[in-house]
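Structure record follows, encoded as structure tokens.
We did not get these values from a lab; they are worked out from the coordinates using the rules stated. This structure is a prediction, so every number in the text was calculated from the model and none was measured. Here Cβ is always computed from backbone atoms with ideal geometry, including for glycine, and neighbour counts include all displayed protein chains.
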Amino acid sequence: MAVISYLIAPVEAPPRFGLDHEFGVDAPEFLATVAGASGTPFIAGNAVTLLNNGDAFYPAMLAAIRQAERSITVEAYIYWAGDIGREFADALAGRALNGCKVKLLLDAIGSASIGTEILERLEKGGCQIAWYNPIRWYSIGRFNNRTHRKSLIIDGRIAFTGGAGIADHWRGNARGPEEWRDLQVRVEGPGVVPLQTGFAHNWQQTTGELLSGEEYYPIIPPQGALAVQTLLSSPETGASSVRTMYYLSIVCARESIYIANPYFVPDPVAIETLIEAKRRGVDVRVMVSGIRNDNWLARHNSVRLYGRLLEAGVEIQEFNRTMLHHKTMVVDRRWITVGTTNFDNRSFMHNEESNVNAMDAALAQELHATFLQDLGGCERLTWDAWRRRGLWARAQEFIAAFLQEQA
């Protein structure tokens, strides 16, 4: 029991004091605080595009791969066997055969079902493949640390990140259970560098190879007018920069907080900050994956914790048309974050994660409108319905609570 407790214990804790700021997200102090608290500056000169569902982001990603000239780096939690996996393998191998340096860092657990066919296509094409943190007896103390990042970086200039891995269930447009709902962000400009840095760090840790030179770190002139912040969370740092950003955003909200996240398992500090936001008049809405949720543990821990939020008037919407998998937040129609981080202990405490943040009214309005549109696939959970859930549901929640730190 002591060994198990050691292996699953969180390596960082949420902030408990200082979450009482008097300024809003539109104040200069907000951006300065987010940058200072996370140690990550905002980088100007970028163009950012939101891509909804596989019908939008997969063609854009494949087109970028086929246009790559010098390097392609991929960091993925999920790369599974299937049609889209083969299409990506052919595109990546094609560029490698043409002299482009192609490196893939795949999580040893999440991508274990990639299959020999895709691996052979990649290897025969000259792609380099490394496995992040395979389970070994001598690394058992790190087995909980997974790379949950999903990044594709082209020539060090263009990057994609967000909720989606490479698997067939992300294809389509979220029309039914076979097509997951997800969202990716495309960044072009100097703001790509931190994502490349995150890949390079984990690549060096895994392979011993240092990435250097203009193939990976070119001098990038401005490609747009937007300043972005890319947060890299890792248990190595001892604190989740993404969690800190979430909490600061919530306490500085003045009008609205719209969170879309499949695995919503808030800790006591998060619950209190959301309730306090509602009390001061903020429109607080949380959209989660409902009956299609693919994670039993996260689902039941999530439902177990809804009570105080619902009682306080926080709106919880369960997306039931298909599996909702994107991880976004928009605050006051000004501030947005899009990334790989789930609102749960596993992402905050154990995983390698990345989120792209920006203060931009146009992008925020687009994400705000997307949230409202997705309500068409949701069912709102009420306080009375939550109280009347059956004994079987409560029993599952009781069991799930013992493994909340892994949800």
Simple label model, 7 Å out from Cα along Cβ direction - residue 276 to residue 178, nm: 4.8 nm
Rel. contact order, % - alpha carbon contacts under 8 angstrom, at least six apart, the range 83-175: 29 percent
Relative contact order of the range 44-224, defined on C-alpha pairs under 8 angstrom at six or more residues apart (%): 31 percent
Given the chain, longest segment not containing exposed loop trypsin sites (Lys or Arg not before Pro) (DSSP; at most 11 other Cβ within 10 Å): 137-279
Whole-Hz couplings from phi, Karplus 6.51/-1.76/1.60, listed for the range 30-40; x for Gly and Pro: 5, 4, 5, 5, 4, 5, x, 5, 8, x, 10
Qualifying GluC sites (Glu not before Pro) in the range 308-361, DSSP loop, other Cβ atoms within 10 Å at most 15: none
Difference of contour (0.36 nm per residue) and Cα-Cα distance, residue 402 to residue 124: 95.5 nm
Chain lengthening between residue 255 and residue 311 when straightened (0.36 nm per residue, less Cα-Cα): 18.2 nm
Rh (Kirkwood; distinct C-alpha pairs) - the range 44-224, Å: 16.5 Å
R0 of 25 Å, Cβ-Cβ distance residue 395-residue 294: FRET efficiency to nearest 0.05: 0.75
Residue 87/residue 380 FRET efficiency (R0 45 Å; Cβ-Cβ; nearest 0.05): 0.75
Under the Karplus curve 6.51 cos²θ - 1.76 cosθ + 1.60, θ = phi - 60°, whole-Hz ³J(HN,Hα) for the range 91-96, x wherever Gly or Pro sits: 5, 5, 5, x, 6, 4
Restricting the range 325-407 to chymotrypsin sites (Phe, Trp or Tyr not before Pro) in coil, as DSSP defines it, with at most 11 other Cβ within 10 Å: 402
The range 231-369: relative contact order as a whole-number percent, Cα under 8 Å and 6+ apart: 32 percent
